[in-house]
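Peer 1: For reference, the structure I am asking about is given below.
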Amino acid sequence: MANMHDLTKEHALERGILVGLALPGISLDEAQDTLDELGLLADTAGVDVAVQVLQERRRRDSAYLIGRGKAEELVEQIAECDAHVVIFDEDLSPAQTRNLETLLEVKIIDRSRLILDIFASRARTREAQTQVELAQLIYMLPRLTRQWTHLSRQAGGTGGTGGVGTRGPGETQLEVDRRATNRRITILKQALGRIARQRAIARKQRTDIFRAALVGYTNAGKSTLMRALSGADVLIEDRLFATLDSTTRRVSLGYNRDILLSDTVGFIKKLPHHLIASFHSTLEEAIEADLLLHVVDVSHPACEEHIATVIEVLGELGVADRPTMLVFNKNDLLDDRTRRKYLMATYPDAVWLSAETGEGLKDLRWAIYNHLEGDRLTLVVQIPQREGKLLSELYRIGEILHTDYKGNDVLMEVKLSQHNAQRLLPNGRYQSLC
Ligand SMILES: Nc1nc2c(ncn2[C@@H]2O[C@H](COP(=O)(O)OP(=O)(O)OP(=O)(O)O)[C@@H](O)[C@H]2O)c(=O)[nH]1
Ligand SMILES: [Mg+2]
């Protein structure tokens, strides 16, 4: 396991064939879009895509996914373009992978494994590396059988010569039994638990500041927006999954109001579930935010599907009902007027901007400011003077409109965010109607 990340370093380009399925209920266009996206993922992972195959089927074949006949046709295509790897756009069961490997005699990779592979090669911080390793091991666990031994030789053990799909713990882990894998999973989970606790402590120290998080499809421009708003030197790349960590910075909205803004990992269609689970501690910045800024690449032809996917993942994270603001980014790239009109009519509340040119950033600051104002409650409270800590907190973070004294109590009219009102004065504590 120690040299897992040695294996994730840059690697030679491999030639690959992509295979997608168009099942009933999905239009051919949609299936083609998903396959094109798999092409981008493959490119990110260093695979040179020679051929794309899209197969219409009524249902998945349990033995070969695309059916034995179609799988046999692949043998010829593999020989023709001298492919090293076939990448499937669907998740494959261990049995399907085994059957396809035996028939095609090349490496077989599915969408989840490709995504995990990209995450493994891009993870820089210890937290991201731990999370990816955990997700990879959970993925590998049901697949730890003898079938892997020929891949192990192919990978050569070190140096990353195995290429896409062999980076990460797979090849070094092949001869290790399930118990050892499970032990490692426990250790990684404990390490992540510690990281999550540290994050929770850090967050606790800044609960008084309103927190917003940038969420959205990968490559939507979240990090570009983060840099434009906060000046943070975050990684921006025209690639999928440029960001795998979270960064939090203070952003001024003007009018003497600051918020904390977090940038974090992007989402994608069919994101492996165990990857979402493993990335929980990184995604906690989003999970704990008071407001989600859902960034959309409005110039992307499939942006509405992207929106739906992000909403789905937010649901899985348990934050579907969190206040969310749609931010339509890359406005500078959208030339089609009819499309613009359609999107404006369909999403009337979206804030349009370009993080690249800076156009519309003021509108976003203003929209967040208004959200904050709308979020604030005006309360009248009667607090005993002995509650010194509470009083000083209220003076520090609230906007005091009026104070008076009544016996040993302080009578105060104060504006607070709903979040802070609930935190400092839970269940109407000390609140008075007079
Ligand atoms: N033209 C244009 N390009 C943009 C805009 N915003 C971002 N980009 C480009 O889009 C690409 C992706 O930007 P990122 O900010 O890395 O996207 P991200 O959402 O953080 O992506 P991940 O971290 O991979 O999830 C980069 O090449 C940016 O330069 C924009 O408003 N206009
Ligand atoms: Mg990013």
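The values are calculated or read from the model by the stated rules, or taken from the named source; none is laboratory data. What you see is a predicted model; the values in this text were computed from it and never measured. No Cβ is skipped: glycine too gets one built from the backbone with ideal geometry, and neighbour counts run over all protein chains shown. What goes into the accessible areas is simple: the full protein's heavy atoms, side chains included, and nothing from ligands, DNA or RNA. Shrake-Rupley method; radii C 1.70, N 1.55, O 1.52, S 1.80 Å.
Peer 1: Report Rg/Rh for segment 191-340, rounded to two decimals, where Rg is the Cα radius of gyration and Rh the Kirkwood radius.
Peer 2: 0.96
Peer 1: I've got another one for you. Among the lysines, which fall within straight-line cross-link reach of K70, defined as a Cα-Cα distance under 19 Å, with same-chain neighbours fewer than 8 residues apart omitted?
Peer 2: Candidates past the 8-residue exclusion: K107.
Peer 1: While we're on this one: Straight-line reach from K406: which aspartates and glutamates have Cα under 15 Å away, leaving out those fewer than 8 places along the same chain?
Peer 2: Excluding near neighbours in sequence, the set is E387.
Peer 1: If I take the Cα coordinates of segment 55-117 and project them onto the principal axes, what are the three extents in Å, biggest first?
Peer 2: 29, 26, 20 Å, listed from the longest principal axis down.
Peer 1: Further question: Using θ = phi - 60° and the Karplus relation 6.51 cos²θ - 1.76 cosθ + 1.60, list the HN-Hα couplings for segment 285-294 in order, rounded to whole Hz, with x at every Gly or Pro.
Peer 2: Computed from phi, the couplings for segment 285-294 are 4, 6, 4, 8, 6, 7, 9, 9, 9, 8 Hz.
Peer 1: Show me, for segment 399-410, the HN-Hα J-couplings you get by feeding each phi into the Karplus relation (A = 6.51, B = -1.76, C = 1.60, θ = phi - 60°), rounded to Hz, glycine and proline as x.
Peer 2: Each residue of segment 399-410 in turn: 9, 7, 8, 6, 10, 7, 10, 9, x, 8, 9, 9 Hz.
Peer 1: Another question, then. Pairing the Cα long axis of helix 337-346 with the longest principal axis of the chain, what angle in degrees results, from 0 to 90 and rounded to the nearest 10?
Peer 2: For 337-346 against the chain, the angle is about 60 degrees.
Peer 1: Let me ask another. Considering only C-alpha atoms, what is the centroid distance from segment 377-434 to segment 325-362, in Å?
Peer 2: 41
Peer 1: Now a separate question. Cross-link list K222/K415; K222/K269; K204/K389: which exceed 21 angstrom alpha carbon to alpha carbon?
Peer 2: K222/K415
Peer 1: Round to the nearest 10 and give me the degree value, 0 to 90, for the angle of helix 94-104's Cα axis relative to the longest principal axis of the chain.
Peer 2: 40
Peer 1: Starting from the amide H of V410, placed 1.01 Å from N in the peptide plane, find each other amide H under 5 Å away whose residue is 5 or more places distant or on another chain.
Peer 2: Here I383, Q385 satisfy the definition.
Peer 1: If you restrict to DSSP beta bridges whose two residues both lie in the chain, what percentage is antiparallel, to the nearest 5?
Peer 2: Within the chain, antiparallel bridges account for around 40 percent of the total.
Peer 1: Sticking with this structure for a sec: Give me Rg/Rg_expected for segment 376-428, where Rg uses Cα atoms only and Rg_expected = 2.2 N^0.38 Å with N residues.
Peer 2: Numbers: Rg = 10.2 Å, N = 53, 2.2 N^0.38 = 9.9 Å.
Expressed relative to 2.2 N^0.38 Å, the Cα Rg reads 1.02.
Peer 1: Right, another one. Put C303, C81 in order of accessible area, largest first, 1.4 Å probe: what do you get?
Peer 2: C81, C303
Peer 1: With the convex hull built on the Cα atoms of the chain, state its orientation-averaged projected area in nm².
Peer 2: Directional mean of the projected Cα hull area for the chain stands at 24.4 nm².
Peer 1: Next up: Could you give the angle, 0 to 90 degrees to the nearest 10, between helix 303-316's Cα long axis and the longest principal axis of the Cα atoms of the chain?
Peer 2: That helix lies at roughly 70 degrees to the long axis.
Peer 1: Next up: Would you calculate the separation in nanometres between label points at K406 and R239, each defined as 7 Å from the Cα along the Cα-to-beta-carbon direction?
Peer 2: For K406 paired with R239, the spin-label model returns 6.3 nm.
Peer 1: Using every Cα-Cα pair within segment 303-434, state what percent have a distance larger than 23 Å.
Peer 2: 54
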